[in-house]
Amino acid sequence: MLSLRVLHLVGSTYNDFYCGLSYRYAEGCLENTVNVSSIKRFQIAYITPDSYWRFVSSLKQEVIDAAKPMCLVDAMQYIKKEGFDLVIPHMYCIPGVTYYRALFDLLRIPYIGNTSDVMALTAHKGRTKAVVAAAGVKVPAGELIRRGDVPTVQPPVVVKPVSADNSLGISLIRNMKDYSVALENAFQHADEVLVEKFIEPGREVRCSIIVKDGQLVALPLEEYLLDINDRPIRDFAVKFPELDDNGKFIGYPEDDVGKHWITNINDPITQGVQEMAKICHRALGCRHYSLFEFRIDPNGEPWFLEAGLFCSFGDGGGLSLMSKAAGISLEDLIQTMIKEAMNTV
């Protein structure tokens with residue numbers, strides 16, 4: 001049995017929102033994994049928007065406040081001295097999923113999840129879409145727009161920043177006159193905007209893949225409530241609650257209140273979506289686990305929407321819920337991920 005010294009990587013240098021998001025999900029992971037047998041000892045690296053690192057034993061505010069802030073160079077020296085065996089990343093901003101993961105590649109410390117280059121690829125929705133389309137997965141028709149460009153795709157369309165997650169800056173428009181406001185909203189979050197033909201619901205599902213002993217395992221689907229009039233797309237408001245003055249999340253998002261569920265494994269859409277998810281996983285070069293969202297049109301055809309290669313490893317996270325539906329406990333899931341990560345050093 002492995003007995004590891006684990007570092008949880010938490011926070012964000014990008015802004016308070018992503019720092020709070022990371023904090024919230026890391027809390028859940030720490031609460032639900034305290035008894036995982038292979039984690040002998042753990043420590044938390046908490047990184048704040050001022051770029052300082054604090055190494056702490058818990059995420060209690062008084063513990064964070066008492067910790068010595070370190071610059072990047074000092075933090076790297078500390079990590080090498082402590083001899084961590086494994087990193088569990090909880091950063092969700094683009095620097096966090098790319099640069100900060102790459103640091104641990106340089107330090108030759110394994111981490112759970114996809115590599116920095118795969119995360120950089122999938123952080124750009126247009127490039128992700130091009131890769132999976134080339135592999136034979138159906139994607140909505142669309143185009144990339146930069147400032148000054150005139151969109152040519154006729155509404156209804158979904159307008160979204162090409163490199164923002166969590167539905168930040170996303171809009172559904174049904175008339176040409178609404179393009180300018182939607183584009184301006186999206187350009188607040190990225191320099192490029194993806195305009196895609198709106199796939200009428202239908203249904204919207206998420207499929208997770210885990211790797212176990214080198215083999216891809218497709219999990220039961222998670223489905224989201226949609227309504228053609230009141231809820232035709234999942235926007236930021238339904239995914240995340242508000243932040244308080246300290247950048248911490250207040251309450252729970254709407255999606256946590258009876259608006260998502262596990263699809264019956266015998267549902268006719270399941271097998272086709274699972275096969276598409278496996279194609280996406282391979283085409284993008286994923287490892288350990290992956291999550292993909294699909295829109296199911298009224299004819300039952302699945303269309304790729306985006307990749308979301310994140311997992312909090314708390315018992316309420318999407319990957320955890322889908323694993324549980326497959327009969328895989330949270331501890332077994334984490335043990336599987338640890339084994340895969342330790343085999344990819």
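For a quick check of your reading of the model, give me the residue pairs whose first member lies in the range 194-212 and is part of a strand (DSSP E or B), whose second is surrounded by 23 or more Cβ atoms within 10 Å (Cβ to Cβ) and aromatic (F, W, Y), with beta-carbon atoms closer than 6 Å and at least 6 apart or on different chains.
V205/F294; C207/F292; I210/Y289
Cβ-Cβ distance below 7 Å, separation of 6 or more or different chains: which pairs start in the range 134-149 with a residue that is among the acidic types (D, E) and end on one that is assigned to a loop (DSSP other than H, G, I, E, B)?
Close Cβ pairs (under 7 Å, with a partner that is assigned to a loop (DSSP other than H, G, I, E, B)) amount to E143/P151; E143/T152; E143/V153.
Is it true that S320 is in contact with a helix residue (DSSP H, G or I) (Cβ under 6 Å, 6 or more places away or on another chain), at pLDDT below 95 and in a helix (DSSP H, G or I)?
Spelling it out, S320 is indeed in contact with a helix residue (DSSP H, G or I) (Cβ under 6 Å, 6 or more places away or on another chain), at pLDDT below 95 and in a helix (DSSP H, G or I).
Return the residue satisfying two criteria in turn: it lies in the range 131-152 and is in contact with a helix residue (DSSP H, G or I) (Cβ under 7 Å, 6 or more places away or on another chain) and β-branched (V, I, T), and of such residues it is nearest to R174 (Cα to Cα).
Selected residue: I145.
Among the residues of the range 80-102, write down those that are assigned to a helix (DSSP H, G or I) and at pLDDT 95 or above.
K80, K81, E82, P95, G96, V97, Y99, Y100, R101, A102 - these are the residues of the range 80-102 that are assigned to a helix (DSSP H, G or I) and at pLDDT 95 or above.
Please find, among S290, S320, S329, the residue that is surrounded by fewer than 19 Cβ atoms within 10 Å (Cβ to Cβ) and of a type in the set (S, T, N, Q).
Among S290, S320, S329, only S329 is surrounded by fewer than 19 Cβ atoms within 10 Å (Cβ to Cβ) and of a type in the set (S, T, N, Q).
Matching residues to (1) under 22 Å from G20 (Cα atoms); (2) not in a helix (DSSP H, G or I); (3) not assigned by TED's automatic domain parsing to the domain that holds R287:
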residue	(1), (2), (3)
E62	yes, no, yes
A75	yes, no, yes
Y78	no, no, yes
F104	no, no, yes
G136	no, yes, yes
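Restricting to the range 110-120, count the residues that are within 21 Å of I334 (Cα to Cα) and either of a type in the set (S, T, Y) or free of Cβ contacts under 8 Å to residues at least 40 places away in the same chain (or both).
3
Of everything in the range 168-192, what is part of a helix (DSSP H, G or I) and either buried (at least 17 other Cβ atoms within 10 Å of the Cβ) or assigned by TED's automatic domain parsing to the domain that holds N15 (or both)? Give them in sequence order.
Y179, A182, L183, N185, A186, F187, listed by residue number.
Inside the range 25-57, can you point out the residues that are modelled with pLDDT under 90 and touching a Phe, Trp or Tyr at 6+ places or on another chain (Cβ under 7 Å)?
Correct list: T33 only.
The values are calculated or read from the model by the stated rules, or taken from the named source; none is laboratory data. These numbers were taken from a predicted model, which means no experiment stands behind them. Cβ sites come from the backbone with ideal geometry, for glycine too, and all protein chains shown count toward neighbours.
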